[in-house]
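The values are calculated or read from the model by the stated rules, or taken from the named source; none is laboratory data. Small disclaimer: the values here were computed from a predicted structure and weren't measured. Virtual Cβ from ideal backbone geometry, glycine too; neighbours counted across all protein chains shown. To get the accessible areas, we keep the full protein, side chains included, count just its heavy atoms, and leave off ligands, DNA and RNA. Shrake-Rupley method; radii C 1.70, N 1.55, O 1.52, S 1.80 Å.
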Amino acid sequence: MQTLEITRPDDWHVHLRDGAELAAVAGHTARRFARAIVMPNLLPPVTTTAQAAAYRDRIRAALPPSSEFEPLMTLYLTDRTTPEEIARAGASGIVHAVKLYPAGATTHSDAGVTAIERTQAVLETMAATGLVLSVHGEVTAAQVDVFDREVAFIDSVLAPLIERLPDLRIVFEHITTRAAVDFVLAAPVTVAATITPQHLLLNRNALFAGGLRPHHYCLPVLKRERDREALVGAATGGSPKFFLGTDSAPHAEAAKLADCGCAGCYTAVAALELYAEVFEDAGALARLEGFASWFGADFYRLPRNRERLTLVREPWRIPPWLPLGGGRLIPLRADTTCRWRLA
Ligand code: DOR
Ligand code: ZN
């Protein structure tokens, strides 16, 4: 039987939610990953270091005391975030990034930034303190086609931002397009990107395969096959600018199957295993370790994990659903076979 032993990986972008949902999902992430960058888009959002510390305590309390999982916290950037709060976050040792959501771009982004210029003083403090800016890279203007929003963001926001703040480290989150891959490759070393399993496995046809497929709807939305191919090339190509970030985002089944269904794919229950399939299909299993376990830690200036993790090439069934509070959570690839499993 084929096995693959790698440095224990980290997830550089995950949504763990709170309360009963947190209790239902945290174990899936903690079983696979040593650490995770935890997104701050709770209701209300995590905007202060004190809130991040309290949220971190709730995450640890949702896991067994024996768990060594380390939540890496983030703050939610708003028009009103102050340089003082950023300085506190930078000194805290528990906050590692600040998340930029353009207002209205996605789930719980209403409190996000309305104009990036308003955050200039805060971004300068981040560059000075070494905090990473984590970016949801989509414009929100109604006249911009939903499939073009990432590319428009590169031109109108991201490229000028990098020029204005050459010392600020930026993670372009969950990139979805060939244009984003090319942009990140050409950008300075201060710029990196995360890539999700769904954007590596699926193209936008998956949204309409035989009918409307709400469980394939996430933001940024899936793109064309040529974009997916470019993402696979980036993830499996060995460049340290691309690393693992699942964007695993649980929503109750009822919230997905609604008149206005929520955006998000839940992958945490099989995340590393799904990435392994992608790398195997690309003939690049030997490069999974860099993508999953090294490059993110290096970019965030954190030590690489010392523990190891073994994957076994043995088929298992991804569950058809998982309990989530009182409801059900449908994972990506529900009730299908995954070729790799955790040892
Ligand atoms: O699909 C998504 N779901 N994209 C995001 O940016 C947010 C996330 C969520 O929080 O549900
Ligand atoms: Zn996300």
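Near the amide H of Y266, within less than 5 Å, lie the amide hydrogens of A249, L332, all on another chain or at least 5 residues away, with H placed in the peptide plane.
Spin-label pair T336-E253: with each label point 7 Å from Cα along the Cα-Cβ axis, the two points sit 1.8 nm from one another. State the answer as a single residue: which of T81, F291, L123 lies farthest towards the positive end of the charge dipole of the chain, with beta carbon charges of +1 for Lys and Arg and -1 for Asp and Glu, about the Cα centre. Value computed over the given set: F291.
Roughly what % antiparallel, to the nearest 5, for the DSSP beta bridges in the chain? Intermediate values should be presented prior to the final figure.
On the way: 12 of 38 bridges.
Rounded to the nearest five, the antiparallel share is 30 percent.
With the highest mean first, a sort of the peptides 321-332, 303-314 on other beta-carbon atoms found within 10 angstrom per residue produces 321-332, 303-314. Between F208, P71, T194, the Cα set farthest toward the positive side of the dipole of the chain (charges on each charged residue's Cβ, about the Cα centre) is that of P71. By its C-alpha gyration tensor, with a ≥ b ≥ c as the square roots of the eigenvalues, how is segment 29-148 shaped: rounded for a/c under 1.5, else prolate for a/b larger than b/c, else oblate? Since a/c reaches 1.5 but b/c is at least a/b, the shape of segment 29-148 is classed as oblate.
Using a simple spin-label model with pseudo-atoms 7 Å out from Cα toward Cβ, L212 and A20 lie 2.7 nm apart. Close amide-amide hydrogen proximity is noted between I37 and D11, W12, H13, V14, L72, each under 5 Å apart and 5 or more residues distant or on a separate chain (H modeled in the peptide plane; Pro and chain starts excluded). Projecting the Cα atoms of T176, A141, W321 onto the charge dipole of the chain (Cβ charges, centred on the Cα centre) puts W321 farthest toward the positive pole.
Under the classification rounded if a/c is under 1.5, otherwise prolate if a/b is larger than b/c and oblate if not, where does segment 9-307 fall, given a ≥ b ≥ c as square roots of the Cα gyration tensor eigenvalues? It comes out rounded by the Cα gyration axes. Taking chymotrypsin sites (Phe, Trp or Tyr not before Pro) across segment 170-224, the ones in a DSSP loop with at most 16 further Cβ atoms lying within 10 angstrom of their Cβ are F208.
If you sort L285, L212, L244 by accessible surface, 1.4 Å probe, largest first, the order is L212, L285, L244. Here the Karplus curve 6.51 cos²θ - 1.76 cosθ + 1.60, taken at θ = phi - 60°, turns the phi angles of segment 77-83 into couplings of 6, 10, 4, 9, 4, 9, x Hz, with x standing for Gly and Pro. Could you check the simple spin-label distance between V312 and A91, using points 7 Å along Cα→Cβ, in nm with one decimal? Each label point is offset 7 Å from its Cα along the Cβ direction, giving 5.0 nm. How large is the dipole of segment 9-307 about the Cα centre if only Lys and Arg carry +1 and Asp and Glu carry -1, each at its Cβ, rounded to the nearest 20 debye? The dipole of segment 9-307 has a size of about 300 debye.
DSSP loop GluC sites (Glu not before Pro) in segment 26-98 with at most 11 other Cβ atoms within 10 Å of their Cβ, which ones? Working shown, then result.
Values: sites: E68, E84, E85; in loops: E68.
Those satisfying the criteria are E68.
Rounded, prolate or oblate: which one fits segment 231-278, using the alpha carbon gyration tensor with axes a ≥ b ≥ c (rounded when a/c is under 1.5, else prolate when a/b beats b/c, else oblate)? In terms of gyration-tensor shape, prolate.
For a quick check of your reading of the filter: which chymotrypsin sites (Phe, Trp or Tyr not before Pro) in segment 1-62 sit in a DSSP loop and have no more than 14 other Cβ atoms within 10 Å? Listed in order of number, the matching sites amount to none.
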